[in-house]
1. Could you sort 71, 12, 82 by accessible area so the largest value comes first, with the probe set to 1.4 Å?
2. Note down the accessible area of residue 98, probe 1.4 Å, to the nearest 10 Å².
3. Length gain on complete extension for the stretch residue 41 to residue 28, per 0.36 nm per residue less the alpha carbon to alpha carbon distance?
4. If I build a Gaussian network model for the chain, linking alpha-carbon pairs within less than 10 angstrom, which residue out of 43, 19, 77 has the largest mean-square fluctuation?
5. What does the accessible area of residue 102 come to, in Å² to the nearest 10, when a probe of 1.4 Å is used?
6. On alpha-carbon atoms, Rg over Rh for segment 6-103 using Kirkwood Rh?
7. What order do 95, 79 take when sorted by accessible area (1.4 Å probe), most exposed first?
8. So which chymotrypsin sites (Phe, Trp or Tyr not before Pro) in segment 1-88 pass both tests, a DSSP loop state and at most 10 other Cβ atoms within 10 Å of the Cβ?
Amino acid sequence: MPSLNWKHHALVQALMTRGPLKEKDFHAIFSGLTGKSPGAHQGLFNEYLLNINKELSSCQFELRACRDQYVGQVCYGVVNNVADEQSKLGTKYTVQQIAFFKGI
(Lines give C-alpha, C1' and ligand atoms only; values in the text may rest on other atoms or scores of the structure.)
Protein backbone atom coordinates (compact mmCIF):
# COMPACT_ATOMS: atom_id res chain seq x y z
CA MET A 1 0.00 0.00 0.00
CA PRO A 2 1.52 3.36 -0.97
CA SER A 3 2.08 5.82 1.83
CA LEU A 4 0.55 9.25 1.66
CA ASN A 5 2.59 12.21 0.49
CA TRP A 6 2.49 15.76 1.84
CA LYS A 7 -0.37 16.69 -0.51
CA HIS A 8 -2.57 13.94 0.92
CA HIS A 9 -1.67 15.08 4.43
CA ALA A 10 -2.49 18.70 3.62
CA LEU A 11 -5.91 17.70 2.29
CA VAL A 12 -6.73 15.69 5.44
CA GLN A 13 -5.38 18.42 7.72
CA ALA A 14 -7.56 21.01 5.97
CA LEU A 15 -10.64 18.93 6.75
CA MET A 16 -9.64 18.16 10.32
CA THR A 17 -8.81 21.75 11.25
CA ARG A 18 -11.70 23.45 9.46
CA GLY A 19 -14.37 20.78 9.87
CA PRO A 20 -16.64 19.75 7.01
CA LEU A 21 -15.99 21.76 3.84
CA LYS A 22 -18.35 22.62 1.02
CA GLU A 23 -17.56 20.79 -2.20
CA LYS A 24 -16.38 24.00 -3.88
CA ASP A 25 -13.91 24.74 -1.08
CA PHE A 26 -12.63 21.15 -0.95
CA HIS A 27 -12.12 21.12 -4.72
CA ALA A 28 -10.27 24.45 -4.51
CA ILE A 29 -7.85 22.99 -1.95
CA PHE A 30 -7.36 19.89 -4.10
CA SER A 31 -6.71 22.06 -7.17
CA GLY A 32 -4.25 24.22 -5.23
CA LEU A 33 -2.31 21.17 -4.09
CA THR A 34 -2.25 19.21 -7.34
CA GLY A 35 -2.65 21.93 -9.96
CA LYS A 36 -5.47 19.87 -11.50
CA SER A 37 -9.22 20.31 -11.43
CA PRO A 38 -11.24 17.45 -9.88
CA GLY A 39 -13.82 17.80 -12.65
CA ALA A 40 -11.31 17.37 -15.46
CA HIS A 41 -9.21 14.77 -13.61
CA GLN A 42 -11.89 12.70 -11.86
CA GLY A 43 -9.70 9.58 -11.84
CA LEU A 44 -6.89 11.36 -9.99
CA PHE A 45 -9.36 12.87 -7.52
CA ASN A 46 -10.92 9.47 -6.79
CA GLU A 47 -7.46 7.90 -6.42
CA TYR A 48 -6.50 10.57 -3.86
CA LEU A 49 -9.62 9.89 -1.83
CA LEU A 50 -9.17 6.12 -2.05
CA ASN A 51 -5.54 6.31 -0.86
CA ILE A 52 -6.50 8.60 2.01
CA ASN A 53 -9.35 6.29 3.07
CA LYS A 54 -7.08 3.23 2.98
CA GLU A 55 -4.70 4.93 5.40
CA LEU A 56 -7.44 6.35 7.62
CA SER A 57 -9.16 2.96 7.92
CA SER A 58 -6.45 1.70 10.28
CA CYS A 59 -7.58 4.27 12.88
CA GLN A 60 -11.28 3.86 12.03
CA PHE A 61 -11.74 7.17 10.23
CA GLU A 62 -13.01 7.88 6.75
CA LEU A 63 -13.12 10.84 4.40
CA ARG A 64 -16.69 11.13 3.14
CA ALA A 65 -18.70 13.26 0.80
CA CYS A 66 -22.30 13.81 1.82
CA ARG A 67 -25.23 15.77 0.48
CA ASP A 68 -27.16 18.09 2.78
CA GLN A 69 -30.72 16.83 2.62
CA TYR A 70 -32.19 20.31 3.03
CA VAL A 71 -30.22 22.38 0.49
CA GLY A 72 -28.70 19.62 -1.66
CA GLN A 73 -25.15 20.91 -1.19
CA VAL A 74 -22.27 18.38 -1.07
CA CYS A 75 -19.81 18.60 1.83
CA TYR A 76 -16.61 16.66 2.60
CA GLY A 77 -15.48 15.68 6.08
CA VAL A 78 -13.42 13.22 8.10
CA VAL A 79 -15.72 10.99 10.13
CA ASN A 80 -15.31 8.26 12.73
CA ASN A 81 -16.48 4.80 11.62
CA VAL A 82 -17.14 3.64 15.18
CA ALA A 83 -20.55 4.50 16.57
CA ASP A 84 -19.94 4.51 20.31
CA GLU A 85 -20.61 7.11 22.99
CA GLN A 86 -16.91 7.60 23.86
CA SER A 87 -16.07 8.69 20.33
CA LYS A 88 -18.53 11.59 20.65
CA LEU A 89 -16.80 13.02 23.73
CA GLY A 90 -13.63 14.27 22.02
CA THR A 91 -15.18 16.08 19.06
CA LYS A 92 -15.82 19.73 18.34
CA TYR A 93 -18.73 18.87 16.04
CA THR A 94 -22.23 19.71 17.20
CA VAL A 95 -24.78 17.01 17.97
CA GLN A 96 -26.57 17.91 14.73
CA GLN A 97 -23.38 17.53 12.65
CA ILE A 98 -22.63 14.16 14.25
CA ALA A 99 -26.18 12.96 13.56
CA PHE A 100 -25.94 14.21 9.97
CA PHE A 101 -22.69 12.37 9.21
CA LYS A 102 -23.83 9.30 11.14
CA GLY A 103 -27.01 9.21 9.05
CA ILE A 104 -25.01 8.82 5.89
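1. Listed by decreasing accessible area, they come as 71, 82, 12.
2. Residue 98 has an accessible surface of roughly 40 Å² with all protein chains in place.
3. Numbers: separation 13, 0.36 × 13 = 4.68 nm, distance 1.33 nm.
Difference between extended and current length: 3.3 nm.
4. Maximum fluctuation in the GNM of the chain, among the listed residues, is at 43.
5. 120
6. So for segment 6-103, dividing Rg by the Kirkwood Rh gives 0.96.
7. Reading off the accessible areas and sorting them downward yields 95, 79.
8. When the chymotrypsin sites (Phe, Trp or Tyr not before Pro) of segment 1-88 are filtered for loop state and at most 10 Cβ neighbours within 10 Å, 70 remain.
The values are calculated or read from the model by the stated rules, or taken from the named source; none is laboratory data. These numbers come from a predicted model, not from an experiment. Cβ: placed from backbone, ideal geometry, glycine included. Neighbour counts: every protein chain shown. When the accessible area is computed, the model is the full protein with side chains, heavy atoms only, and any ligands, DNA or RNA have been set aside. Shrake-Rupley method; radii C 1.70, N 1.55, O 1.52, S 1.80 Å.
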